[in-house]
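S.K.: If you scroll down you'll find the structure; I have some questions about it.
The values are calculated or read from the model by the stated rules, or taken from the named source; none is laboratory data. Only a predicted model underlies this, so the values are computations on that prediction, with no experimental measurement involved. Note: ideal-geometry Cβ built from the backbone for every residue, glycine included; neighbour counts use all protein chains shown. To get the accessible areas, we keep the full protein, side chains included, count just its heavy atoms, and leave off ligands, DNA and RNA. Shrake-Rupley method; radii C 1.70, N 1.55, O 1.52, S 1.80 Å.
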Amino acid sequence: MRKPVIAGNWKMYKTIAEGVDFIQKIAPMAASASHCDVVVAPPFTALAAVSQAAKGSKVGISAQDMHWDKEGAHTGDVSSTMIVDAGCTYVIIGHSERRHDHGETDEQVNRKLKAALAEGLTPIMCVGETLAQRESGGTGQVLKTQFEGGLAGLTPYDFSRIIIAYEPVWAIGTGRTATPEMAAESHHILRDLARQRFGEAEARSVRILYGGSVKPDNVGGLMGQPEIDGALVGGASLKVDSFAALINYPRT
Ligand code: PEP
């Protein structure tokens with residue numbers, strides 16, 4: 001049985017005070033949500049204060065990225081050691097906005113994943129195709145390339161500590177959501193890749209989240225798909241009420 005994860009990616013939104021205020025409001029609402037894990041990913045500047053505010057609550061804290069080196073001459077970067085120091089237990093790696101805005105490659109994603117695992121973090125590795133890739137029938141190949149490149153050299157045990165997020169680029173922040181069936185089809189491809197590369201047990205237990213304009217009014221349909229083990233949410237994670245509704249998605 002895979003425990004769902006509802007994760008909010010705040011991107012470049014919220015000051016320290018706004019982040020702390022959000023946690024103070026969401027923590028009591030999340031307290032009774034035993035059906036899923038709850039995670040928020042504040043910007044770096046708010047990580048320490050938000051982690052402090054979330055202490056003792058059900059809300060886990062994630063960074064949105066990290067460098068693979070523990071320290072060094074990398075202006076503007078933050079390491080795995082630093083995000084753990086700030087209270088993170090998760091880290092998002094390979095988000096499409098990092099791949100596109102910063103030219104992040106599968107090889108860099110792989111280095112970051114290995115460094116995150118070595119630090120004891122739970123990486124949330126993002127994969128997904130662009131609209132052009134989908135329209136040219138390339139979704140399966142893109143997922144395979146990102147999956148294999150990002151996870152190169154990992155053992156089945158390493159893989160068992162990772163969460164995958166399927167995030168079709170054309171659905172992120174656009175208001176366009178993959179239908180539950182489209183998302184499930186890609187999740188199925190990813191689970192098959194996991195089976196081939198890491199084995200049956202790992203494929204069955206890996207949690208694969210969907211991300212791309214998830215909102216309170218479409219989360220029920222998505223979570224109704226047995227292949228979908230949760231959501232990575234941008235826009236709708238910024239307001240307490242909508243994030244609370246996502247945590248309490250309709251369940252049968
Ligand atoms: C994301 O940032 O990972 C995301 C899916 O954003 P949104 O929910 O706004 O599409």
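S.K.: How do the pairs read when you match residues in the stretch 206-221 that are at positive phi with residues anywhere that are more than 11 Å from the ligand (Cβ to nearest atom), using Cβ under 9 Å and keeping only pairs 6 or more apart or on different chains?
M.R.: Matching pairs, first to second residue: G212/A183.
S.K.: Working only within the stretch 1-21, note down all residues that are in contact with a Gly (Cβ under 9 Å, 6 or more places away or on another chain) and closer than 18 Å to G87 by Cα.
M.R.: Scanning the stretch 1-21 gives A7, G8, N9, W10, K11.
S.K.: Do we find a residue being within 11 Å of the ligand (Cβ to nearest atom) and assigned to a helix (DSSP H, G or I) anywhere in the stretch 202-213?
M.R.: Looking for residues that are within 11 Å of the ligand (Cβ to nearest atom) and assigned to a helix (DSSP H, G or I), one finds none in the stretch 202-213, hence no.
S.K.: Can you pull out the residues in the stretch 160-179 that are within 13 Å of the ligand (Cβ to nearest atom) and in a loop (DSSP other than H, G, I, E, B)?
M.R.: Correct list: E167, P168, I172, G173, T174, G175, R176, T177, A178.
S.K.: Hey, another quick one. Give the residue, chosen from V240, V219, V233, that is farther than 22 Å from T122 by Cα and crowded, with 22+ Cβ neighbours inside 10 Å.
M.R.: Going through V240, V219, V233 in turn, just one is farther than 22 Å from T122 by Cα and crowded, with 22+ Cβ neighbours inside 10 Å: V219.
S.K.: Based on this model, can you work out whether A53 counts as out of contact with any helix residue (DSSP H, G or I) (no Cβ under 8 Å at 6 or more places or on another chain), open to solvent by 10 Å² or more (accessible area, probe 1.4 Å) and in a helix (DSSP H, G or I)?
M.R.: Considered against the rule, which asks whether it is out of contact with any helix residue (DSSP H, G or I) (no Cβ under 8 Å at 6 or more places or on another chain), open to solvent by 10 Å² or more (accessible area, probe 1.4 Å) and in a helix (DSSP H, G or I), A53 comes out as no.
S.K.: A further question follows. Considering only the stretch 214-244, state which residues are part of a loop (DSSP other than H, G, I, E, B) and acidic (D, E).
M.R.: D217, E227, D229
S.K.: Name every residue in the stretch 238-252 that is basic (K, R) and modelled with pLDDT of 95 or more, in order of residue number.
M.R.: Of everything in the stretch 238-252, just one residue is basic (K, R) and modelled with pLDDT of 95 or more, namely K239.
S.K.: Using beta carbons and a limit of 7 Å, which pairs, at least six apart or on different chains, have the first residue in the stretch 156-174 and over 13 Å from E97 (Cβ atoms) and the second one among the acidic types (D, E) and more than 7 Å from the ligand (Cβ to nearest atom)?
M.R.: So the pair list comes out as P156/E202; F159/E202; S160/E202; P168/E129.
S.K.: Here are some residues: Y157, Y166. Which one is of a type in the set (S, T, Y), under 17 Å from the mean Cα position of the chain (by Cα) and under 22 Å from F198 (Cα atoms)?
M.R.: After applying the criteria, what remains is Y166.
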